[in-house]
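Here is the structure we will look at, set down as structure tokens.
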């Protein structure tokens with residue numbers, strides 16, 4: 001998976017972070033994976049004059065790698081079930097133009113699992129939900 005370093009540009013001398021798209025970016029740089037944001041969110045981040053984005057080096061990715069232990073089958077099924085419940089509770093504005101729930105919206109409901117929730121997991125749960133007849137709410 002491709003990774004990037006997003007660095008916040010301080011607007012005031014004491015500023016060390018900047019919040020965008022539900023994430024906090026530091027002036028020292030924050031490593032993120034490509035799948036952590038939707039396409040429209042990446043466009044907003046790239047257009048933001050207070051953020052600098054570049055490809056991450058392997059050593060940067062390794063230094064900030066998530067050290068969460070892999071989930072066993074039961075824990076993975078429980079997380080998928082929780083995602084299903086959260087997605088059903090989302091408001092129309094929490095869904096992207098592609099109709100899928102925004103990852104940032106899901107993470108707000110499950111902050112303790114934010115490092116595990118990515119586009120791959122969301123897409124797998126979303127596929128099961130839509131195959132079962134679920135549709136995103138309309139505004």
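Readers should treat all values here as calculations from the given coordinates under stated rules, not as data from a laboratory. Please read all numbers here as calculations on a predicted model, not as lab measurements. No Cβ is skipped: glycine too gets one built from the backbone with ideal geometry, and neighbour counts run over all protein chains shown.
Relative contact order of the range 3-63, taken over Cα pairs closer than 8 Å and 6 or more residues apart, is 44 percent. Roughly what angle does helix 73-89 make with the longest principal axis of the chain, taking Cα atoms, 0 to 90 degrees, to the nearest 10? The two axes meet at around 90 degrees. Taking every C-alpha pair closer than 8 Å and separated by at least 6 residues, the mean separation divided by the residue count of the range 73-131 gives a relative contact order of 35 percent. Size of the range 21-139 from its Cα atoms: along the principal axes, largest to smallest, the extents are 43, 36, 19 Å.
With a Förster radius of 30 Å applied to the C-beta separation of residue 85 and residue 64, the computed FRET efficiency comes to 0.50. Classify the range 3-63 as rounded, prolate or oblate, taking a ≥ b ≥ c as the square roots of the eigenvalues of its Cα gyration tensor: rounded when a/c is under 1.5, otherwise prolate if a/b is larger than b/c and oblate if not. Taking the square roots of the gyration eigenvalues as a ≥ b ≥ c, the range 3-63 is oblate. Can you bin the range 45-108 into rounded, prolate or oblate? Criterion: square roots of the alpha carbon gyration tensor eigenvalues sorted a ≥ b ≥ c, rounded for a/c under 1.5, prolate for a/b above b/c, oblate for the rest. It comes out oblate by the Cα gyration axes. In this simple spin-label model, placing a label point 7 Å from the Cα along the Cα-to-Cβ direction at both residue 97 and residue 52 gives a separation of 2.9 nm.
Principal-axis analysis of the Cα atoms of the chain puts helix 119-131 at an angle of about 20° to the longest axis.
Given only helices, namely DSSP H runs of n ≥ 4 each adding -39500 (n - 2.57), what is the per-residue ellipticity at 222 nm of the chain, to the nearest 500 deg cm²/dmol? Kindly include the intermediate steps, with their values, before the conclusion.
Values: 5 runs with 52 residues, N = 139.
Calculated from helices alone, the mean residue ellipticity at 222 nm is -11000 deg cm²/dmol.
A convex hull fitted to the Cα coordinates of the range 89-139 yields 77 cubic angstrom per residue.
Can you tell me the FRET efficiency between residue 135 and residue 77 if r is taken as the Cβ-Cβ distance and R0 is 30 Å, rounded to the nearest 0.05? Display every interim value, and only then the final one.
On the way: r = 24 Å, r/R0 = 0.79.
Efficiency, from the Cβ-Cβ distance: 0.80.
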